[in-house]
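The values are calculated or read from the model by the stated rules, or taken from the named source; none is laboratory data. What you see is a predicted model; the values in this text were computed from it and never measured. Don't worry about glycine lacking a Cβ; one is built from the backbone with ideal geometry, like all the others, and counts go over all protein chains shown. What goes into the accessible areas is simple: the full protein's heavy atoms, side chains included, and nothing from ligands, DNA or RNA. Shrake-Rupley method; radii C 1.70, N 1.55, O 1.52, S 1.80 Å.
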Amino acid sequence: MRRRLINSTLSVVLVVIAVFGVSLVLVETRTISDSAQESVDSEALRLISVVESRLLGEERITAAVLDEQVVGDRYARVELPGRAPIEVGTHPGGNAITSVVDGEEGERVTVAESRSAVTREVGRTLLIIGAVALLAIISAVLLAVRQANRLTSPLTDLAETAERLGSGDPRPRHKRYGVPELDRVADVLDASAERIARMLTAERRLAADASHQLRTPLTALSMRIEEISVTDDPDTVKEEANIALTQVERLTDVVQRLLTNARDPRTGSAVVFDLDEVIKQQIEEWRPAYRGEGRAVVRSGRHGLRAVGTPGAVAQVLAALIENALMHGGGTVALRTRVTGNQIVVEVTDEGVGVPADLGARIFERSISGRNSTGIGLAVARDLAEADGGRLELLQQQPPVFALFLGSVARTPPGTGTPGPLRAGPGGGTGGRTGTGGREGAISAPRGPAPPARRAVVVREASPRRPGPPPRGGF
């Protein structure tokens, strides 16, 4: 392309020089010839005037007198009636520039000049025109090369950018070239690079989350299947098979939750569920692991609470906190439930040294960990909590106290009637149950600072789930 641009520019310049150069040469040659003829005619008129003035004054007309009047190497001949012609200079011969003027007394003056002078003048003019044309061609070459580089260099950069995008390097360059069309292409490539980067980040995040969330359930499922393979007791096989099926359901729920959050973490659904059942299930699942470490996991606080959320997501959040306490904490781990205002708070605390001061504000960031762990678990747990309209916070660093805030549902007072269907409350929250005889309490979202990505909550009744294994891997 660069060669084509240079050749096209040079072709245009050469055509212009050819057209205007030839015209200029013709015009200049004609002008020089006319100027030489006018000069000779003027010389002849001047000499005839001199001759007439001397004839009127009865002065002698000699070659010496005329020689003083002739300019340069021109030839002059004066013919007087009854006298011999007087000549000054040498006749140029051939195709000379000649002018003949007749006087009133019958005298004739002839002035001639060689055309070599005109030829020399035309040659000098052609040399100047040729030098100007050569300078124009050199300037055109330089400008063509510069313009070609200006146009082709951005195209080369854009091609390299597209190649980098194709090879998996989605970093935008944010480089502009001062050419509107090329800048538009650069804008589109940068926007594509940013979209690809977001997509790759989401895919990598999904892969990391899936690996982290599925590691422990798959291990537990493998252990159940091994138990089935080594036992001959039908009751044991049936029990282990039922537990394995429950674990498969839990795995399916985890995968579905990850895919839903990857597509759009702000849309989903929530249900009214029994919080005691979820907490009991998690304590039963993690008690063997704590017993193996010589530790205990206990529950305290209020019972009989009904919360708004997704039971699977809440179970995953609690499992993340319990496992985090197992790996990084110490002593007994306590799960405390309390109600504050219209919120249910589930606190998870242990007797360990707590969270380091330098990690307190960043504990929920990805890749942030107090030990050599992935640093994904707490970040995923916070995302799951916020996706259900709740929030996960670190209330205290030493000893560590993590709190999961959930929307609450007040129980129907005795004698108020059968609860009716739930309906959404103002502002995207949920209202209470209404029936013929009364109203179940209001369902409210947690107070406090709103998380960055709040899920639209659609409330429905929770279906009972069988207990299963811990849904998480280590942190």
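Listing for the model above:
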| read-out | value |
| --- | --- |
| Qualifying residue in region 77-92 (condition: touching a Gly at 6+ places or on another chain (Cβ under 8 Å), in a helix (DSSP H, G or I) and of a type outside the set (A, V, I, L, M, F, W, C)) | no |
| Residue match in region 69-83 (condition: hydrophobic (A, V, I, L, M, F, W, C), modelled with pLDDT of 85 or more and open to solvent by 50 Å² or more (accessible area, probe 1.4 Å)) | no |
| Considering residues of region 167-194 that are in contact (Cβ under 8 Å) with a residue 12 or more places away in the chain and basic (Lys, Arg) only, the residue most open to solvent (accessible area, probe 1.4 Å) | Arg171 |
| Where Arg60 falls short, out of the listed (1) touching a Pro at 6+ places or on another chain (Cβ under 8 Å); (2) more than 15 Å from Glu43 (Cβ to Cβ); (3) not aromatic (Phe, Trp, Tyr) | (1) |
| Close pairs from region 88-107: first farther than 18 Å from Ser39 by Cβ and touching a residue at least 12 places away in the same chain (Cβ under 8 Å), partner surrounded by 11 or more Cβ atoms within 10 Å (Cβ to Cβ) and acidic (Asp, Glu), Cβ under 9 Å, at least 6 apart | Thr90/Asp73; Gly103/Glu52; Glu104/Glu52; Glu105/Glu52; Gly106/Glu79; Glu107/Glu52; Glu107/Glu79 |
| Glu121 being open to solvent by 60 Å² or more (accessible area, probe 1.4 Å), among the charged types (D, E, K, R), touching a residue at least 60 places away in the same chain (Cβ under 8 Å) and not in a loop (DSSP other than H, G, I, E, B) | yes |
| In region 138-159, the residues that are open to solvent by less than 90 Å² (accessible area, probe 1.4 Å) and charged (D, E, K, R) | Asp157 |
| Filter result (part of a loop (DSSP other than H, G, I, E, B) and either of a type in the set (S, T, N, Q) or surrounded by 13 or more Cβ atoms within 10 Å (Cβ to Cβ) (or both)) within region 53-65 | Ile61, Thr62 |
| Strands (runs of 3 or more DSSP E) enclosed by region 269-370 - at least 2 residues per element that are open to solvent by 10 Å² or more (accessible area, probe 1.4 Å) and more than 19 Å from Phe405 (Cβ to Cβ) | none |
| Close pairs from region 376-391: first within 17 Å of Gln343 (Cα to Cα) and modelled with pLDDT of 85 or more, partner small (Gly, Ala, Ser) and in a loop (DSSP other than H, G, I, E, B), Cβ under 8 Å, at least 6 apart | Glu386/Ala453; Gly390/Ala445; Arg391/Gly448 |
| Residue identified as assigned to a helix (DSSP H, G or I) and at pLDDT 85 or above among Leu165, Leu151, Leu127, Leu158 | Leu127 |
| Where a residue in region 60-86 is of a type in the set (D, E, K, R) and its partner, wherever it lies, is loosely packed, with under 14 Cβ neighbours inside 10 Å, with Cβ under 7 Å and at least six apart | Arg77/Pro85; Glu79/Pro85 |
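Conditions (1) within 30 Å of Asn7 (Cβ to Cβ); (2) open to solvent by less than 30 Å² (accessible area, probe 1.4 Å), marked per residue:
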site	(1), (2)
Asp67	no, no
Asn95	no, no
Gly103	no, yes
Ala136	yes, no
